[in-house]
1. Trypsin sites (Lys or Arg not before Pro), restricted to the range 35-118: which are DSSP loop and have at most 15 other Cβ atoms within 10 Å?
2. With a 1.4 Å probe and all protein chains left in place, how much of the accessible area of the range 49-118 comes from carbon and sulfur atoms, in whole percent?
3. Would you count, across the range 25-118, every pair of lysines whose alpha carbons are under 22 angstrom apart, provided the pair is eight or more residues apart or spans two chains?
4. Given a 1.4 angstrom probe, what's the average accessible area per residue across the range 44-99, in square angstrom?
Amino acid sequence: MKWSPILAALLLLAAACKRPAEEAVALSPQAAKGKAMFSTLCAACHAPSSKLVGPPLSEIAGLYRADPAGIVRWAVTPGRKRADVPPMPSFRGVRESDLADIAQYIIEAGTAAGKQGP
């Protein structure tokens with residue numbers, strides 16, 4: 001099979017545009033449970049070290065490292081901190097224990113992302 005230069009260039013471009021793979025982070029059992037729920041409920045707006053709609057996990061971890069329950073409180077009754085982005089929806093319908101698992105994941109993954117840099 002002969003490769004055309006255009007096909008080869010397209011494959012290289014596609015590989016360069018892919019998001020870098022998330023670094024493997026050793027998670028506590030609680031954070032590992034929270035990771036799956038985070039992927040479903042939160043990942044559309046929050047990334048490990050870059051701002052999407054909401055702040056990155058590294059920023060959230062810096063704010064709440066000593067207060068994971070603060071993340072749970074915010075998720076249940078969010079306010080508006082930034083005028084340039086839509087307000088976060090309430091996750092009042094999610095069990096508090098599940099929100100605590102998500103909060104632990106945010107702190108552990110955000111701390112790891114902060115150490116890796118943007």
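The values are calculated or read from the model by the stated rules, or taken from the named source; none is laboratory data. Remember, it's a predicted structure, so these values are computed and weren't measured experimentally. Reconstructed Cβ throughout: ideal geometry from the backbone, glycine too, with neighbour counts over all protein chains shown. Just so you know, the surface numbers come from the protein's heavy atoms only, side chains and all, with ligands and any DNA or RNA stripped out. Shrake-Rupley method; radii C 1.70, N 1.55, O 1.52, S 1.80 Å.
1. On the way: sites: Lys35, Lys51, Arg65, Arg73, Arg80, Lys81, Arg82, Arg92, Arg95, Lys115; in loops: Arg65, Arg80, Lys81, Arg82, Arg92, Arg95.
Passing both the DSSP loop test and the Cβ count: Arg65, Arg80, Lys81, Arg82, Arg92, Arg95.
2. Values: 2260 of 3950 Å².
Carbon-and-sulfur percentage of accessible area, whole number: 57.
3. Numbers: Lys35/Lys51; Lys35/Lys115; Lys51/Lys81; Lys51/Lys115.
So the count of such lysine pairs works out to 4.
4. Values: 3420 Å² over 56 residues.
Value returned for the range 44-99: 61 Å² of accessible area per residue.
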